[in-house]
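The values are calculated or read from the model by the stated rules, or taken from the named source; none is laboratory data. Predicted model only: the values in this text are computed from it and were never measured. Heads up, the Cβs are rebuilt from the backbone with ideal geometry, glycines too, and the neighbour counts pull from every protein chain shown. Each accessible area value is taken on the protein alone, full model and side chains, heavy atoms only, with ligands, DNA and RNA left out. Shrake-Rupley method; radii C 1.70, N 1.55, O 1.52, S 1.80 Å.
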Amino acid sequence: MPPPALDLLLLDLGLPDGHGLRFARGLRAAGHPVDVIVVTSARDLAVVRESVSLGVVQYVLKPFAFPTLRERLLRYAEFRQAAGEAAGQDDVDRAMAALRAPRPAELPKGLSAPTLDRVAALLRAAPGGLTAAGAAEAAGISRITARRYLEYLVDTGRADRTPRYGQVGRPELHYRWLAAAAGSVSKV
């Protein structure tokens, strides 16, 4: 009995036995029409273009928060549920937009998009990075709040943090915007 047909494959590009796109190419060559969502840390736009040429319907960068993946899966389901014949270009555009037009990602409870945008802008403008205390002072928020936003930026791959040792006591964390992080921070 043949294996059941798959609708969707979540594919990492860094597989232990080879590159995920080689696997996707093999699927296509074997006639498997499965849709693919790439979940990877590969940020090279040439790899993104090659993914699209192989029929990848979504490309999600790691690390990501669960709401990002959930949103992409819901958009894929919306795309799959569209049925029938398109009356015109608008119907085709709507179906394609279900996959392509990102909606703002849901932020974790307690975080707001305007404050996130403010903290991210401050971090982008600080070539040497910022501490939570520095971000708090510049943004007019508490140090604890600033740290929550900075940690969110780290968790979503838009910033990194490094401890800096100085005086006695715990090291101070310095946050730095990652140059590869582009676009509005409140959108995926």
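If the chain linking Asp7 and Asp93 were pulled fully straight, counting 0.36 nm for each residue of separation and taking away their Cα-Cα distance, it would gain 28.8 nm. The simple spin-label model puts a point 7 Å past each Cα toward its Cβ; for Ser142 and Ala86 those points are separated by 5.1 nm. The relative contact order of the chain comes to 17 percent, based on Cα pairs under 8 Å that sit 6 or more residues apart. Averaged over its residues, the stretch 120-164 has an accessible area of 48 Å² per residue, based on protein heavy atoms and a 1.4 Å probe.
Taking the Kirkwood radius as Rh and the Cα radius of gyration as Rg, the chain has a ratio of Rg/Rh equal to 1.07. Each of Ser51, Gln89, Pro127 was placed along the dipole of the stretch 45-140 (beta-carbon charges, centred on the mean Cα), and the one lying farthest toward the positive end is Pro127. Each peptide in 165-171, 62-68 receives the mean, over its residues, of other Cβ atoms within 10 Å, and ordering these scores from highest gives 62-68, 165-171. Helix 113-124 versus the longest principal axis of the chain: what is the Cα-based angle in degrees, 0 to 90, to the nearest 10? That works out to roughly 70 degrees. Rolling a 1.4 angstrom probe over the protein heavy atoms with all chains in place gives the stretch 36-118 an accessible area of 60 Å² per residue. Once the C-beta distance of Tyr165 and Leu45 is scaled by a Förster radius of 45 Å, the resulting FRET efficiency is 0.75 to the nearest 0.05. Between Ala159, Ala125, Ala29, which gets the highest mean-square fluctuation from a Gaussian network model of the chain, Cα cutoff 10 Å? Result: Ala29 has the largest fluctuation of those listed. I need to check one value: relative contact order of the stretch 59-146, counting alpha carbon pairs closer than 8 Å and at least 6 residues apart, in percent. Relative contact order of the stretch 59-146: 20 percent.
Gyration tensor analysis over the Cα atoms of the stretch 36-139 returns equivalent ellipsoid semi-axes of 34, 18, 12 Å (largest first, whole Å). Taking the Cα centre of the chain as reference, the dipole from Cβ charges on Lys and Arg (+1) and Asp and Glu (-1) amounts to some 680 debye. Surface composition of the stretch 1-49: carbon plus sulfur atoms contribute 64% of the solvent-accessible area (1.4 Å probe, protein chains only, all chains present).
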